[in-house]
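Please read the structure below before turning to the comments.
The values are calculated or read from the model by the stated rules, or taken from the named source; none is laboratory data. Computed from a prediction, not measured in an experiment: that's the story for all the values here. Note that each Cβ is placed from the backbone with ideal geometry, even for glycine, and that neighbours are counted across all protein chains shown. Accessible surface is based on the protein model in full, side chains and every heavy atom, while ligands, DNA and RNA are left aside. Shrake-Rupley method; radii C 1.70, N 1.55, O 1.52, S 1.80 Å.
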Amino acid sequence: QVQLVESGGGLVQPGGSLRLSCAISETIFKYNAVGWYRQAPGKQRELVAMIIKTGPSQYADAVKERSTIDSDTDINTVSLSLNSLKPEDPGVYYCYARRDGSILWGRGTQVTVSS
């Protein structure tokens, strides 16, 4: 069974930075898209950023000027760097992978923004 395991969440000060990583337990080349979603309390899960195999990476408007998504195909990870954290950034961040109509999710990692 394929697993997506997130790491790197935690408490960050407003204006700070974080880097989240997701380890995928099989080759990342099998996937048409990999990326990150987040869900704040009481809100729907929303796209943060995504790498698409056949096109440019996608970013949510709320983060596109201060985030970078990248992957390491040697170790099958997809990572998200997010800078200048704002009060609207907290939530559970989920790793996402899609292939041939099936979608996989990680269990999520909590991000808290507080001074």
(request) Working only within region 32-56, note down all residues that are at pLDDT 95 or above and hydroxyl-bearing (Ser, Thr, Tyr). (result) TYR37
(message) Restricting to region 84-103, give me the number of residues that are among the aliphatic types (A, V, I, L, M) and more than 11 Å from the chain's Cα centre (by Cα).
(response) 2
(message) List the residue pairs whose Cβ atoms are under 7 Å apart, where the first residue sits in region 100-115 and is over 16 Å from SER17 (Cβ atoms), the second is open to solvent by 80 Å² or more (accessible area, probe 1.4 Å), and the two are 6 or more positions apart or on different chains.
(response) GLY106/VAL5
(message) Within region 1-59, considering only strands (runs of 3 or more DSSP E) that don't extend past its boundaries, which have at least 3 residues that are within 15 Å of the chain's Cα centre (by Cα) and crowded, with 19+ Cβ neighbours inside 10 Å?
(response) 18-24, 33-39, 46-52
(message) Please go through region 60-79 and give me each residue that is surrounded by 13 or more Cβ atoms within 10 Å (Cβ to Cβ), under 21 Å from GLY15 (Cα atoms) and out of contact with any Cys (no Cβ under 8 Å at 6 or more places or on another chain), ordered by number.
(response) ALA60, ALA62, VAL63, LYS64, ARG66, SER67, THR68, ILE69
(message) Going through SER81, SER71 one at a time, which residue ends up being assigned to a strand (DSSP E or B), under 10 Å from the mean Cα position of the chain (by Cα) and in contact (Cβ under 8 Å) with a residue 24 or more places away in the chain?
(response) SER81
(request) Return the only residue of VAL63, VAL78, VAL92 being of a type in the set (Val, Ile, Thr), modelled with pLDDT of 95 or more and either farther than 29 Å from GLN1 by Cα or touching a Pro at 6+ places or on another chain (Cβ under 6 Å) (or both). (result) VAL63
